[in-house]
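Trainee: I'd like to ask you about the structure that follows.
The values are calculated or read from the model by the stated rules, or taken from the named source; none is laboratory data. Small disclaimer: the values here were computed from a predicted structure and weren't measured. All Cβ positions, even for glycine, are placed from backbone atoms using ideal geometry, and neighbour counts span all protein chains on display. All accessible areas refer to the heavy atoms of the entire protein, side chains included, with ligands and DNA or RNA removed. Shrake-Rupley method; radii C 1.70, N 1.55, O 1.52, S 1.80 Å.
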Amino acid sequence: MSKVGTEQLHQIVIVGGGAGGLELATKLGDTLGRKGKAAITLVDKSKTHVWKPLLHEIAAGSMNPEKHELVYLAQAHWHHFKFRLGSMDSLDRAKKEISIAPNYDEDGVEVIPRRTIKYDTLVIAVGSTTNDFGVKGAREHSIALDTQDQAEKFHRRLHNALLRAQTQAEPVQAGQLEVVIVGAGATGVELSAELHNTTRELAAYGLDKIDPDRDVRISLIEASDRVLPALPAKLSNSVDLELRKLRVHLYMGERVTEVTSKGVQTHSGRFIPSALVVWAAGIKAPDFLREIDGLETNRINQLIVKPTLQTTLDESIFAFGDCAACPWVGHGQDVTVPPRAQSAHQQASMLVKTLKYRVAGKTDLPEFTYRDYGSLVNLGNYTTVGNLMGALSGGSLFIEGLMARTMYQSLYKLHLMALHGFWSMALQTLARLIARRTEAQVKLH
């Protein structure tokens with residue numbers, strides 16, 4: 001198709017290549033893009049995609065990201081959409097264009113200058129970032145797990161701390177090999193269990209001076225009175241029991257007031273020494289969304305959208321996933337759809353239909369109804385627990401063990417299937433199973 005012809009098509013611009021944004025771009029590319037009915041452009045600040053629920057495994061070292069990352073340029077080539085590397089930082093609704101910040105290499109040299117991209121329909125799916133609530137020292141002395149780079153940075157620090165302890169002449173000091181995780185939501189809980197396993201795996205590979213049971217300490221701090229406060233109490237109690245079996249130190253009802261280079265201070269006066277702090281408490285949408293060109297946002301920067309997922313003040317702009325505050329129909333006023341991967345997946349599926357309608361000139365758009373299928377929490381090699389809800393069980397059904405683990409793993413397979421199709425997903429899974437027999441079970445660098 002000629003360049004002129006492409007420019008005359010309906011321009012759909014999707015900002016954010018997370019699970020939802022990438023699935024949407026792929027499905028629209030395979031339909032509207034392939035048939036020449038619309039031009040699809042995906043914008044993301046990274047060159048590669050890793051499914052966000054896997055970041056805690058990358059941080060712990062139980063997953064090598066190079067074997068699971070997807071290259072946006074390749075996906076765009078195979079699925080009939082365009083990819084543009086960059087970070088959106090402003091919006092001009094009158095001109096219907098977004099502005100992409102300059103891109104720099106690791107030496108600070110500009111690679112891609114600032115540019116603008118025109119749209120007829122804009123979809124914002126930039127996800128969320130960790131909310132440190134302005135706690136003193138949190139930004140400087142802790143690591144969030146919002147991106148692959150952050151997860152890999154934490155793993156390098158953990159690995160270096162173990163190597164330092166192995167080679168130093170003096171005994172391991174208090175806090176030297178202690179990991180403090182702030183926030184006992186799904187990310188914090190899953191990371192604590194994963195770290196329990198991988199620190200023992202790492203120590204087995206020649207780090208003979210380190211006794212994981214004696215030297216490595218994992219602590220989980222939560223302001224609420226239980227782990228997984230957003231999930232049912234039965235699931236929370238089961239996870240609490242498993243974590244205590246792993247000797248993860250749980251500090252419930254403790255609110256962090258300061259993070260320093262030496263550890264974490266809580267409101268009760270408790271100080272937990274630690275050289276490695278992960279902040280996994282709370283979320284917010286990226287700061288640049290705050291009232292961007294007059295669009296309505298809430299206190300955590302989420303774009304407020306109607307049930308059609310259109311922003312309240314501009315029908316040409318849609319938002320979904322963690323960066324959008326979407327009404328949860330049937331759950332009362334001001335209750336919004338929870339920020340989960342299943343929410344983004346369901347919204348992306350609806351938006352495929354919605355955007356086909358818009359391109360065809362239809363104005364009667366479908367409205368989003370969230371179906372809560374429950375939650376699953378994976379404690380690494382130890383166990384998986386969860387509750388199934390709604391259409392799957394007719395109520396709420398608590399599950400654990402092999403069944404829960406199988407369902408947890410199937411979520412990632414469904415994501416891969418949405419991006420690559422069934423046979424590609426199946427072959428990738430088989431290849432990884434074969435490769436694992438000849439590889440270390442933990443990342444050693």
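Trainee: From the list 53, 113, 102, which residue is within 23 Å of the chain's Cα centre (by Cα) and either farther than 23 Å from residue 359 by Cα or of a type in the set (A, V, I, L, M) (or both)? Steps first, answer last, please.
Mentor: On the way: 113 fails: within 23 Å of the chain's Cα centre (by Cα); 102 fails: within 23 Å of the chain's Cα centre (by Cα).
Selected residue: 53, the only one of 53, 113, 102 that is within 23 Å of the chain's Cα centre (by Cα) and either farther than 23 Å from residue 359 by Cα or of a type in the set (A, V, I, L, M) (or both).
To keep it simple, each residue is scored yes or no on (1) within 19 Å of residue 58 (Cα to Cα); (2) among the aliphatic types (A, V, I, L, M).
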residue: 186; (1), (2): yes, yes
residue: 195; (1), (2): yes, yes
residue: 208; (1), (2): no, no
residue: 214; (1), (2): no, no
residue: 218; (1), (2): yes, yes
residue: 221; (1), (2): no, yes
residue: 224; (1), (2): no, no
residue: 233; (1), (2): no, yes
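Trainee: Same structure again: Name the single residue, out of those in segment 239-273 being out of contact with any strand residue (DSSP E or B) (no Cβ under 8 Å at 6 or more places or on another chain) and not in a loop (DSSP other than H, G, I, E, B), that is nearest to residue 375 (Cα to Cα).
Mentor: 241
Trainee: Related question: Residues of segment 104-134 being within 21 Å of residue 43 (Cβ to Cβ), surrounded by fewer than 13 Cβ atoms within 10 Å (Cβ to Cβ) and hydrophobic (A, V, I, L, M, F, W, C), which ones?
Mentor: 111
Trainee: Which of the residues that make up segment 215-240 are open to solvent by 50 Å² or more (accessible area, probe 1.4 Å), touching a residue at least 24 places away in the same chain (Cβ under 8 Å) and not hydrophobic (A, V, I, L, M, F, W, C)?
Mentor: Within segment 215-240, 217, 225, 226, 229, 232, 234 meet the criteria.
Trainee: I've got another one for you. Could you check, for segment 225-235, whether at least one of its residues is in contact with a Lys or Arg (Cβ under 6 Å, 6 or more places away or on another chain) and not in a loop (DSSP other than H, G, I, E, B)? If you could, list the steps in order and put the result at the bottom.
Mentor: Here is the first cut: in segment 225-235, the ones in contact with a Lys or Arg (Cβ under 6 Å, 6 or more places away or on another chain) are none.
Checking segment 225-235: not a single residue is in contact with a Lys or Arg (Cβ under 6 Å, 6 or more places away or on another chain) and not in a loop (DSSP other than H, G, I, E, B).
Trainee: If you don't mind, there's one more thing I want to ask. Are any residues in segment 195-208 open to solvent by 10 Å² or more (accessible area, probe 1.4 Å) and either farther than 18 Å from residue 55 by Cβ or of a type in the set (Asp, Glu) (or both), and if so, which ones? Explain how you work it out, then say what you get.
Mentor: Step one: of segment 195-208, the residues open to solvent by 10 Å² or more (accessible area, probe 1.4 Å) are 196-197, 200-201, 203-208.
Within segment 195-208, 200, 201, 203, 204, 205, 206, 207, 208 meet the criteria.
Trainee: Something else now. Quick check, is residue 212 over 30 Å from residue 372 (Cα atoms), open to solvent by less than 60 Å² (accessible area, probe 1.4 Å) and over 22 Å from the mean Cα position of the chain (by Cα)?
Mentor: Yes: the conditions hold for residue 212.
Trainee: If I ask for residues that are open to solvent by 60 Å² or more (accessible area, probe 1.4 Å) and without any contact (Cβ under 8 Å) to a residue 24 or more places away in the chain, which ones from segment 82-103 would you list?
Mentor: Once the filter is applied, which keeps residues that are open to solvent by 60 Å² or more (accessible area, probe 1.4 Å) and without any contact (Cβ under 8 Å) to a residue 24 or more places away in the chain, segment 82-103 yields 94, 95.
Trainee: Within segment 417-433, which residues are in contact (Cβ under 8 Å) with a residue 60 or more places away in the chain and over 19 Å from residue 80 (Cβ atoms)? Please lay out each step first, then the result.
Mentor: Our first condition is that a residue be in contact (Cβ under 8 Å) with a residue 60 or more places away in the chain; within segment 417-433, this holds for 418-419, 432.
Within segment 417-433, just 432 meets the criteria.
Trainee: Quick one: would you say residue 218 is hydrophobic (A, V, I, L, M, F, W, C), under 23 Å from residue 54 (Cβ atoms), in contact with a helix residue (DSSP H, G or I) (Cβ under 6 Å, 6 or more places away or on another chain) and not in a helix (DSSP H, G or I)?
Mentor: Values: hydrophobic (A, V, I, L, M, F, W, C): yes; under 23 Å from residue 54 (Cβ atoms): yes; in contact with a helix residue (DSSP H, G or I) (Cβ under 6 Å, 6 or more places away or on another chain): yes; not in a helix (DSSP H, G or I): yes.
In short, yes.
Trainee: Right, next: Across segment 102-130, what is the number of residues that are among the aliphatic types (A, V, I, L, M) and more than 20 Å from residue 146 (Cα to Cα)? Step through it out loud before you land on a result.
Mentor: The initial filter retains those residues of segment 102-130 that are among the aliphatic types (A, V, I, L, M), namely 109, 111-112, 117, 122-126.
Within this subset, residues satisfying the condition of being more than 20 Å from residue 146 (Cα to Cα) are 109, 111-112, 117, 122-123.
Within segment 102-130, residues that are among the aliphatic types (A, V, I, L, M) and more than 20 Å from residue 146 (Cα to Cα) number 6.
Trainee: Then there is this: Of all residues in segment 284-309, count the ones that are β-branched (Val, Ile, Thr), over 11 Å from residue 336 (Cβ atoms), in contact with a Phe, Trp or Tyr (Cβ under 8 Å, 6 or more places away or on another chain) and crowded, with 20+ Cβ neighbours inside 10 Å. If you could, list the steps in order and put the result at the bottom.
Mentor: As a first pass, look at segment 284-309 and keep what is β-branched (Val, Ile, Thr): 292, 297, 300, 304-305, 308.
Filter again for over 11 Å from residue 336 (Cβ atoms), leaving 292, 297, 308.
Narrowing the set further to residues that are in contact with a Phe, Trp or Tyr (Cβ under 8 Å, 6 or more places away or on another chain) leaves 308.
When the remaining residues are screened for being crowded, with 20+ Cβ neighbours inside 10 Å, the result is none.
Of the residues in segment 284-309, 0 are β-branched (Val, Ile, Thr), over 11 Å from residue 336 (Cβ atoms), in contact with a Phe, Trp or Tyr (Cβ under 8 Å, 6 or more places away or on another chain) and crowded, with 20+ Cβ neighbours inside 10 Å.
Trainee: Among the residues of segment 329-365, how many are in contact with a strand residue (DSSP E or B) (Cβ under 7 Å, 6 or more places away or on another chain) and modelled with pLDDT of 95 or more?
Mentor: The number of residues fulfilling the criteria is 4.
Trainee: Which one of the conditions (1) under 23 Å from residue 328 (Cβ atoms); (2) open to solvent by less than 50 Å² (accessible area, probe 1.4 Å); (3) over 25 Å from the mean Cα position of the chain (by Cα); (4) not charged (D, E, K, R) does residue 313 fail to meet, given that it meets all the rest?
Mentor: (2)
Trainee: Moving on to the next point. Kindly indicate which of 158, 145, 162 is under 29 Å from residue 337 (Cβ atoms) and out of contact with any Asp or Glu (no Cβ under 7 Å at 6 or more places or on another chain).
Mentor: Values: 158 fails: under 29 Å from residue 337 (Cβ atoms); 162 fails: under 29 Å from residue 337 (Cβ atoms).
That would be 145, the only listed residue that is under 29 Å from residue 337 (Cβ atoms) and out of contact with any Asp or Glu (no Cβ under 7 Å at 6 or more places or on another chain).
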